[in-house]
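Engineer: Okay, here's the structure, questions in a sec.
The values are calculated or read from the model by the stated rules, or taken from the named source; none is laboratory data. If you're wondering where the values come from, they're calculated on a predicted model, not measured in any experiment. Ideal geometry is used to build each Cβ from the backbone, glycine not excepted, and the neighbour counts take in all protein chains shown. Note: areas computed on protein heavy atoms with side chains; ligands, DNA, RNA excluded. Shrake-Rupley method; radii C 1.70, N 1.55, O 1.52, S 1.80 Å.
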Amino acid sequence: MSHLTDFQIFLILSILKIAVVLVITLTAVAYTVLLERKLLGRMQNRWGPSRVGPFGLLQPLADGIKLFLKEDLMPMASERPLFILAPIIALSCALISVAVVPFGAVTRIAGVDMFDISDINIGLLVILGITSIGVYGIALSGWSSNNKFALLGSLRATSQVISYELALGLSLVGVVLRAGSLRLRDIVDSQAGHGLFSWNLIGGGQIIAFFIYLMAAYAETNRAPFDLPEAESELVAGYHTEYSSMKFAMFFMAEYANMITVACVATLLFLGGASSPFGNLLPTPTSPIIAAILPIFWFVLKVFSFLCLYIWVRATVPRFRYDQLMSFGWKFLLPVAILNIIATSLVLALRG
Amino acid sequence: MAPIAAPDQINPGIEDVLADAERHHHGSDPIADQTMVINMGPQHPSTHGVLRLVLEIDGETVVSMAPDIGYLHTGIEKTCEAKFYQQVVPLTDRIDYLSPMTNNTAYALAVEKLLDLEIPEKAQWLRVLFNELMRLNSHLVWLGTHAMDIGALTVFLYCFREREQLLRIFEAVSGQRMMTSYIRIGGVSMEPPLGLFDDIRAFLLDFPSKIDEYESLLQNNPIWINRLKDVGHISREDAIALGVTGPVLRAAGVDFDLRRDMPYSSYEKFQFKVPVSTDSDVWARYILRMEEMRESVKICLQALDGMPEGRIVADAPKIILPDREQMKTQMESLIHHFKIVTEGFAVPAGEATSSVEAAHGMMNYYVVSDGTSKPYRVHMRNADYANLQALETMCKGRLLADVVAVIGSLDIVLGAIDR
């Protein structure tokens, strides 16, 4: 590769990384849907999808084909450009944030870190920022469909996401204070010392922050028990009532992609990212291939567990009411998050 | 940017809705008042069938509402007039389709009053047994759908797991899972199969632990409590004035249960408590119905323990279809069978009502006879219709999400409302 300049190598490898990560994320999205349906089914005393392929494993494929072949309806009174734009915003914002997630240990090929699309020093802020832009997708979809249920759903979603954004952001401040950096790799490294016991969740004393993050994240992704925007018993389907075919599928994928993003962030910030939960107890792998793959395995395992938690919660709890949701966010989560910041900074200051 | 389309272009039917809203909402103009009129139903997922609610909402707050019924109108009352008395029984199954045997009982009681029939004790006890199992069946569907409306999906499937066992029992005794037509004029249709009572007993002994399971998912959950407490309040006076009955009335502090106050079908021989509450909110109705399920289990067990021996139909050969065996061996029975099937039986002219405590509340059947073999008029009064009237009182000024909770707590079946 001597005839390529460094920049060209960087470019080629980056495009390769993006392609691979995108494919993997989209597949993961499809299979998260299957995971949810299977797991929810088992929790609810039924089978879940089991007809398409072995154990229903081809169900996502069948769903995808079905959605592609569906008629794409366009309501007459809708605001056409925005109606089309909304799902694109929702899905692309959900996918972009994966770009800053480091999902493996630092492994360099030709000077390029292979397990991180871009290692930015404000990675956490980028994720928060991009997820906020995703709200536009929801807000615009509700308004442009010219449907009252969709409008109510999108209003609920917008106010909910904006309110919980605050608690979410504040819950992460403690972690950032401990790591002294917004760079996701630094945050992971700050928890890598003694495996499980140096995770922010356990050893780092950020357990309160973790639960605030958990609740805010459920609200942020509009999932049970905060699934008011698409509360099917109240608002039919919420903001995507008027959407059909692939446009609907994009919202659907965006929801699950957001779940994965949130699970990734939780893994990075509270569960030690790609580091091993056993710390130095396990011998350091000698083979470079195992050394590269093992961290990815830990990362995927943690994300998977977090997703299972999501699904478990959905099977267990009822739905909040709109006003209760707001007062919970503003009157409980936000003050607790602020107290957590104060406590964390006091501890850090006293420790010197 | 294209101009925003005028309302009539968006929805061709909007004038009707607005006119509706204006008529029901004391002349307020939704557009000028910055409120929004939304149509909840008839295809809305949480209106339990085909109820349409025209809601005028200000943001999320309900300003006024008008239930619009009739989407499930089946004309059963009118159809009854063209049927023989015994042919009406399967029609009554379809009124309140969650407790068909209760409907059968109410109809049979009214006709038996006209005929002045003496019902054997065993038939009466069987009626009590299956009426109470029907109450369990209906309450299980209520709990499941109510919880699902509030977002607890799993409870729904757990409830249907138990309901499935009940439906098997109904199938074993009548041959049908839902439209049982088991309780007939003069008694019940068939002797329960051997071993069924043991199955029922096994189910009943197991069932209280299942109720505990539902409660463990709901009762201590702060979200569930917050969604239910202080929602959908109705005063004792309003409840009485609106003709509300059943658990909704008892939750409003009125101790009224027909099983105890006007016993029918030998309910006076059973010991049971009538749970009453004074909170009159959705939570009270939830607690009350859970208690009722436990009481129903007790009644069923008493019925099983003390089940008398004897005939299951009244001794009235001109009214009750004869035994198959007799029909094939005795000429007189064959003649009776032929006459009943081809021309029915004449019922003395007059009118009679019956009142039964169904799972949803008071169920009345009013039967008028002109002396022929077909009823002149059959009118059903189901609690659902009156209970639905209380919806506006309960929901006014509350949030949209509360409407869903209140509809769930009223436990309406549209089949019983539209008839």
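Engineer: Considering only segment A:1-25, how many residues are loosely packed, with under 10 Cβ neighbours inside 10 Å and either under 22 Å from the mean Cα position of the chain (by Cα) or assigned to a helix (DSSP H, G or I) (or both)?
Structural biologist: 1
Engineer: Quick check on this structure: which one of A:Tyr136, A:Tyr164, A:Tyr218, A:Tyr239 is of a type outside the set (D, E, K, R), at pLDDT below 80, assigned to a helix (DSSP H, G or I) and closer than 26 Å to A:Ile88 by Cα? Explain how you work it out, then say what you get.
Structural biologist: Working: A:Tyr136 fails: at pLDDT below 80; A:Tyr164 fails: at pLDDT below 80; A:Tyr218 fails: at pLDDT below 80.
Being of a type outside the set (D, E, K, R), at pLDDT below 80, assigned to a helix (DSSP H, G or I) and closer than 26 Å to A:Ile88 by Cα holds for just one of A:Tyr136, A:Tyr164, A:Tyr218, A:Tyr239, which is A:Tyr239.
Engineer: May I ask you to verify whether B:Phe203 is open to solvent by less than 40 Å² (accessible area, probe 1.4 Å), modelled with pLDDT of 90 or more and either part of a helix (DSSP H, G or I) or within 11 Å of chain A (Cβ to nearest Cβ) (or both)?
Structural biologist: Values: open to solvent by less than 40 Å² (accessible area, probe 1.4 Å): yes; modelled with pLDDT of 90 or more: yes; either part of a helix (DSSP H, G or I) or within 11 Å of chain A (Cβ to nearest Cβ) (or both): yes.
So B:Phe203 passes the test.
Engineer: Looking at (1) farther than 30 Å from A:Leu73 by Cβ; (2) open to solvent by less than 40 Å² (accessible area, probe 1.4 Å), which one does A:Val161 not meet, given that it meets all the others?
Structural biologist: Checking A:Val161 against (1) farther than 30 Å from A:Leu73 by Cβ; (2) open to solvent by less than 40 Å² (accessible area, probe 1.4 Å), the one that fails is (1).
Engineer: Identify, by number, the condition in (1) open to solvent by less than 80 Å² (accessible area, probe 1.4 Å); (2) closer than 18 Å to A:Ala254 by Cα; (3) not aromatic (Phe, Trp, Tyr) that A:Gly48 doesn't meet.
Structural biologist: (2)
Engineer: Taking the condition within 14 Å of another protein chain (Cβ to nearest Cβ) and either in a helix (DSSP H, G or I) or touching a strand residue (DSSP E or B) at 6+ places or on another chain (Cβ under 6 Å) (or both), does A:Leu348 pass?
Structural biologist: On the way: within 14 Å of another protein chain (Cβ to nearest Cβ): no; either in a helix (DSSP H, G or I) or touching a strand residue (DSSP E or B) at 6+ places or on another chain (Cβ under 6 Å) (or both): yes.
Against the criterion (within 14 Å of another protein chain (Cβ to nearest Cβ) and either in a helix (DSSP H, G or I) or touching a strand residue (DSSP E or B) at 6+ places or on another chain (Cβ under 6 Å) (or both)), A:Leu348 does not qualify.
Engineer: Quick one: which of A:Trp143, A:Trp199 is of a type in the set (Phe, Trp, Tyr) and open to solvent by less than 30 Å² (accessible area, probe 1.4 Å)? So that I can check it myself, show each step before the final result.
Structural biologist: On the way: A:Trp143 fails: open to solvent by less than 30 Å² (accessible area, probe 1.4 Å).
When all the criteria are applied, what remains is A:Trp199.
Engineer: Can you tell me which residue within segment B:216-242, out of those that are under 24 Å from A:Phe328 (Cα atoms) and charged (D, E, K, R), is surrounded by the most Cβ atoms within 10 Å (Cβ to Cβ)?
Structural biologist: Of the residues in segment B:216-242, the ones under 24 Å from A:Phe328 (Cα atoms) are B:216-233.
Still in the list and also charged (D, E, K, R): B:227, B:229-230.
Working: B:Arg227: 24, B:Lys229: 13, B:Asp230: 13.
Of everything passing the filter in segment B:216-242, B:Arg227 is surrounded by the most Cβ atoms within 10 Å (Cβ to Cβ).
Engineer: Of everything in segment B:393-402, what is open to solvent by 50 Å² or more (accessible area, probe 1.4 Å) and either more than 14 Å from chain A (Cβ to nearest Cβ) or within 14 Å of B:Ile69 (Cβ to Cβ) (or both)? Give them in sequence order. Break it down into steps so the answer makes sense when it comes.
Structural biologist: Applying the first criterion (open to solvent by 50 Å² or more (accessible area, probe 1.4 Å)) to segment B:393-402 yields B:393, B:396-398.
Within segment B:393-402, B:Thr393, B:Lys396 meet the criteria.
Engineer: Do you know which of the residues in segment B:320-364 that are of a type in the set (Val, Ile, Thr) and assigned to a loop (DSSP other than H, G, I, E, B) is farthest from B:Ser266 (Cα to Cα)? Give the steps one after another, and end with the answer.
Structural biologist: Taking segment B:320-364 first, the residues of a type in the set (Val, Ile, Thr) are B:320, B:329, B:335, B:340-342, B:347, B:353, B:356.
From the residues that got through so far, the ones that are assigned to a loop (DSSP other than H, G, I, E, B) too are B:320, B:347.
Working: B:Ile320: 21, B:Val347: 24 Å.
Ranking the candidates gives B:Val347 first.
Engineer: Within segment B:338-358, can you find the residues that are farther than 30 Å from B:Thr245 by Cα and open to solvent by less than 40 Å² (accessible area, probe 1.4 Å)?
Structural biologist: Within segment B:338-358, the first condition is being farther than 30 Å from B:Thr245 by Cα, and the residues that meet it are B:338-349.
Across segment B:338-358, the qualifying residues are B:Ile340, B:Gly344, B:Phe345, B:Val347.
Engineer: Going by what's in this entry, would A:Phe304 be described as open to solvent by 30 Å² or more (accessible area, probe 1.4 Å), away from chain B (no Cβ under 14 Å), aromatic (Phe, Trp, Tyr) and assigned to a helix (DSSP H, G or I)? Step through it out loud before you land on a result.
Structural biologist: Working: open to solvent by 30 Å² or more (accessible area, probe 1.4 Å): yes; away from chain B (no Cβ under 14 Å): yes; aromatic (Phe, Trp, Tyr): yes; assigned to a helix (DSSP H, G or I): yes.
Yes: the conditions hold for A:Phe304.
Engineer: On the basis of being more than 19 Å from A:Phe299 (Cβ to Cβ) and crowded, with 21+ Cβ neighbours inside 10 Å, does A:Ala105 make the cut? It would help to see each step written out before you state the result.
Structural biologist: On the way: more than 19 Å from A:Phe299 (Cβ to Cβ): no; crowded, with 21+ Cβ neighbours inside 10 Å: yes.
No.
Engineer: In addition: For segment B:217-237: of the residues being of a type in the set (A, V, I, L, M) and within 21 Å of B:Leu153 (Cβ to Cβ), which is nearest to the other protein chains (Cβ to nearest Cβ)?
Structural biologist: Going residue by residue through segment B:217-237, those that are of a type in the set (A, V, I, L, M) are B:217-218, B:223, B:225, B:228, B:231, B:234.
If we keep only those that are within 21 Å of B:Leu153 (Cβ to Cβ) as well, we get B:217-218, B:223, B:225, B:228, B:231.
Details: B:Leu217: 7, B:Leu218: 8, B:Ile223: 5, B:Ile225: 10, B:Leu228: 9, B:Val231: 9 Å.
Taking the candidates together, the pick is B:Ile223.
Engineer: From the list B:Arg294, B:Arg259, pick out the single residue that is part of a helix (DSSP H, G or I) and either buried (at least 21 other Cβ atoms within 10 Å of the Cβ) or without any contact (Cβ under 8 Å) to a residue 12 or more places away in the chain (or both).
Structural biologist: Details: B:Arg294 fails: either buried (at least 21 other Cβ atoms within 10 Å of the Cβ) or without any contact (Cβ under 8 Å) to a residue 12 or more places away in the chain (or both).
Within the list B:Arg294, B:Arg259, the selection yields B:Arg259.
Engineer: If I filter segment B:92-101 for residues that are under 30 Å from B:Asp199 (Cα atoms), in the same structural domain as B:Met290 (by TED's automatic domain parsing), open to solvent by less than 30 Å² (accessible area, probe 1.4 Å) and more than 16 Å from the chain's Cα centre (by Cα), do I get at least one hit? Working first, answer last.
Structural biologist: Let us first name the residues in segment B:92-101 that are under 30 Å from B:Asp199 (Cα atoms), namely B:92-101.
Now drop any that are not in the same structural domain as B:Met290 (by TED's automatic domain parsing), which leaves B:92-101.
Narrowing the set further to residues that are open to solvent by less than 30 Å² (accessible area, probe 1.4 Å) leaves B:92-93, B:95-96, B:98-101.
Now narrow it down to the ones that are more than 16 Å from the chain's Cα centre (by Cα): none.
No, segment B:92-101 contains no residue that is under 30 Å from B:Asp199 (Cα atoms), in the same structural domain as B:Met290 (by TED's automatic domain parsing), open to solvent by less than 30 Å² (accessible area, probe 1.4 Å) and more than 16 Å from the chain's Cα centre (by Cα).
Engineer: Looking at (1) modelled with pLDDT under 85; (2) of a type in the set (Gly, Ala, Ser); (3) over 25 Å from A:Thr158 (Cα atoms), which one does A:Ser305 not meet, given that it meets all the others?
Structural biologist: (1)
Engineer: Looking at segment B:147-164 only, could you name the residues that are touching a residue at least 12 places away in the same chain (Cβ under 8 Å), more than 10 Å from chain A (Cβ to nearest Cβ) and more than 12 Å from B:Met134 (Cα to Cα)?
Structural biologist: Residues satisfying the conditions are B:Cys159, B:Glu162.
Engineer: Also, I was wondering about something else. From B:Gln302, B:Gln271, which residue is part of a helix (DSSP H, G or I), in the same structural domain as B:Ser138 (by TED's automatic domain parsing) and under 24 Å from B:Arg127 (Cα atoms)?
Structural biologist: Numbers: B:Gln271 fails: part of a helix (DSSP H, G or I).
Just a single option satisfies the conditions, and that option is B:Gln302.
Engineer: Do we find a residue being under 30 Å from A:Ile117 (Cβ atoms), of a type in the set (A, V, I, L, M) and within 14 Å of another protein chain (Cβ to nearest Cβ) anywhere in segment A:35-42?
Structural biologist: The answer is yes; a qualifying residue exists.
Engineer: Among the listed residues B:Ile299, B:Ile312, identify the single one that is of a type in the set (A, V, I, L, M, F, W, C), open to solvent by 10 Å² or more (accessible area, probe 1.4 Å) and touching a residue at least 12 places away in the same chain (Cβ under 8 Å).
Structural biologist: On the way: B:Ile299 fails: open to solvent by 10 Å² or more (accessible area, probe 1.4 Å).
Result: B:Ile312 is the single residue among B:Ile299, B:Ile312 that is of a type in the set (A, V, I, L, M, F, W, C), open to solvent by 10 Å² or more (accessible area, probe 1.4 Å) and touching a residue at least 12 places away in the same chain (Cβ under 8 Å).
Engineer: When the residues of segment A:74-100 are filtered to those that are within 12 Å of A:Tyr243 (Cβ to Cβ) and small (Gly, Ala, Ser), which remaining residue is nearest to the other protein chains (Cβ to nearest Cβ)?
Structural biologist: A:Ser78
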